[in-house]
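One structure is given below, encoded as structure tokens.
The values are calculated or read from the model by the stated rules, or taken from the named source; none is laboratory data. None of the values given here were measured: they were computed from a predicted structure. Virtual Cβ from ideal backbone geometry, glycine too; neighbours counted across all protein chains shown. To get the accessible areas, we keep the full protein, side chains included, count just its heavy atoms, and leave off ligands, DNA and RNA. Shrake-Rupley method; radii C 1.70, N 1.55, O 1.52, S 1.80 Å.
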Amino acid sequence: MRAFAILAIVAVVGSAPGARAEKLTFEERVELTRGLMAEYGTVKVLLPRSKKALEFESNGTFDKKDWAAIAKESGPAARMGDSVQITKVEIESDKLVLEINGGYRGGKKWYSGVQVSTNGSAPTPIGNGNSNATGGTSIAILLHKPLEPMKASEIKKLLAPVIDFEKHSVTEIYSETLPPETQKAIKDKRVIEGMNHEQVILAMGKPLHKSRETKDGIDLEDWVYGQAPGKITFVTFKGDKVSKVKEAYAGLGSQVQDPK
């Protein structure tokens, strides 16, 4: 996984004029900073690169169209599955600033991929090559009330829809984005129509046998799971989608054939 530079801002908006947030004690500030500093997380959605903080509601919703438009214009700061790390924590009266992988100005420098060679010696990279990030972004979690004493676990929970701090695998994160029926099928280790190749592998693993054919100009592919004696599962793909699933029982000494 690649590490990308991200700046996350937890901001307070919509408070009444003159309202003041309850101040954090020194101990609470230390606890919050220690709980967030140097923590790693895994990105769950594409994060656009943006100088202006991306608006994100504390109920877990955000304007996907707006984020997509920003990503189209400025490019991504991090993609699903990328690893990020909090590198600085700033606590203010009405916001909590989390700098990740160096913040907006962090990431990959123009010279990171440049190598120099002197007197015929082996090329030496100028940069240290520890990041493939091209830049970062910021996220504004809109709380609609003054900032109150909060624990690090609460901040992580607020960011959970976009950054996973629970050290889940990329496969688990990907599965969470699938329709409920597909998630259930993968959990039950079975295949349903409409799955793609990657989802079938998540559910059943790699097939024992594969075969391909072209019928009426359409590419068909059969995957076979299981062996005699026992249950045999035949999965037929039309393009990248499962079009048919059949199961049969093969006794000892039987040959595996598609039960068409």
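Annotations
- For the stretch 40-51, residues that are modelled with pLDDT under 80 and either among the basic types (Lys, Arg) or open to solvent by 50 Å² or more (accessible area, probe 1.4 Å) (or both) total 1.
- Counted residues, the stretch 199-225 - those being free of Cβ contacts under 8 Å to residues at least 24 places away in the same chain, within 18 Å of GLY239 (Cβ to Cβ) and out of contact with any Leu (no Cβ under 6 Å at 6 or more places or on another chain): 14
- Matching residues in the stretch 180-214 - criterion: being open to solvent by less than 100 Å² (accessible area, probe 1.4 Å), assigned to a loop (DSSP other than H, G, I, E, B) and out of contact with any helix residue (DSSP H, G or I) (no Cβ under 7 Å at 6 or more places or on another chain): ASP188, GLY194, GLY205, PRO207, LEU208
- Residue within the stretch 74-86 that is of a type in the set (Ser, Thr, Tyr) and not in a loop (DSSP other than H, G, I, E, B) present: yes
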